[in-house]
Amino acid sequence: MKHLWMICMIIGTLIAMLMGCSSETKKSIPEQDFKNVTSSVTITATNFKFDQTEYHVKKGAKVLIDFVAKEGNHGLLISDLDLNIVGSGKQVVTLETTGAYDIRCSIPCGSGHMEMVSKLIVD
Ligand SMILES: [Cu+2]
């Protein structure tokens with residue numbers, strides 16, 4: 001009887017988690033193919049900063065984000081867009097919502113990690 005109660009609790013939790021995921025509105029669309037990219041932005045990280053304080057992209061554009069960890073071990077995290085590139089890498093996204101999104105480093109890289117901030121601005 002105790003097991004049945006536990007199973008019900010687990011199933012209930014899973015259903016709640018799934019519902020939470022599906023109601024989330026996506027602000028970016030990650031894509032696998034790098035074809036028909038309309039613009040690109042290169043973001044370079046060194047110890048302990050990004051090369052620009054802000055990066056601009058156009059709303060609706062299919063943007064290739066090219067992240068280069070030039071010095072040190074860094075990642076590119078834009079949590080509001082569910083975007084995380086760990087180490088140097090590329091990702092194509094279509095940004096459907098204008099706004100300013102916080103860029104942070106996703107790897108605990110050292111003493112200056114918390115100061116690694118920039119913005120991606122979708123105009
Ligand atoms: Cu870091």
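The values are calculated or read from the model by the stated rules, or taken from the named source; none is laboratory data. Since we're looking at a predicted model, the values are computed, not measured. Cβ atoms come from the backbone with ideal geometry, glycine included; neighbour counts cover every protein chain shown.
Kindly indicate whether Asp51 is under 15 Å from the mean Cα position of the chain (by Cα), exposed (fewer than 14 other Cβ atoms within 10 Å of the Cβ) and either more than 14 Å from the ligand (Cβ to nearest atom) or not β-branched (Val, Ile, Thr) (or both). No.
Residues checked against (1) more than 14 Å from the ligand (Cβ to nearest atom); (2) surrounded by 15 or more Cβ atoms within 10 Å (Cβ to Cβ):
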site	(1), (2)
Ser40	yes, yes
Gly60	yes, no
Asp66	yes, yes
Gln91	yes, yes
Ile103	no, yes
Lys119	yes, yes
Asp123	yes, no
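Filtered by the rule that a residue be among the aliphatic types (A, V, I, L, M) and crowded, with 16+ Cβ neighbours inside 10 Å, segment 68-89 gives Val68, Ala69, Leu76, Leu77, Ile78, Leu81, Leu83, Ile85.
Residue by residue through segment 59-68, note down the ones that are of a type in the set (A, V, I, L, M, F, W, C), farther than 17 Å from Phe48 by Cα and in a strand (DSSP E or B). Spell out the reasoning first.
If we filter segment 59-68 for residues that are of a type in the set (A, V, I, L, M, F, W, C), which is where we start, we get 61, 63-65, 67-68.
Restricting the remaining residues to those that are farther than 17 Å from Phe48 by Cα gives 61, 63-65.
Once the filter is applied, which keeps residues that are of a type in the set (A, V, I, L, M, F, W, C), farther than 17 Å from Phe48 by Cα and in a strand (DSSP E or B), segment 59-68 yields Val63, Leu64, Ile65.
Hey, does segment 24-46 have a residue that's outside any strand (DSSP E or B), modelled with pLDDT of 60 or more and at positive phi?
Looking only at segment 24-46, we keep the residues that are outside any strand (DSSP E or B), and these are 24-27, 32-38.
Now narrow it down to the ones that are modelled with pLDDT of 60 or more: 32-38.
Narrowing further to those that are at positive phi: 36.
The answer is yes, given that some residue of segment 24-46 is outside any strand (DSSP E or B), modelled with pLDDT of 60 or more and at positive phi.
In segment 88-102, the count of residues that are touching a Ser or Thr at 6+ places or on another chain (Cβ under 8 Å), at negative phi and acidic (Asp, Glu) is one or more.
Residues being under 13 Å from Phe48 (Cα atoms) and assigned to a strand (DSSP E or B): count how many of those fall in segment 69-102.
Taking segment 69-102 and keeping what is under 13 Å from Phe48 (Cα atoms), we get 69-76.
Now narrow it down to the ones that are assigned to a strand (DSSP E or B): 69, 75-76.
Result for segment 69-102: 3.
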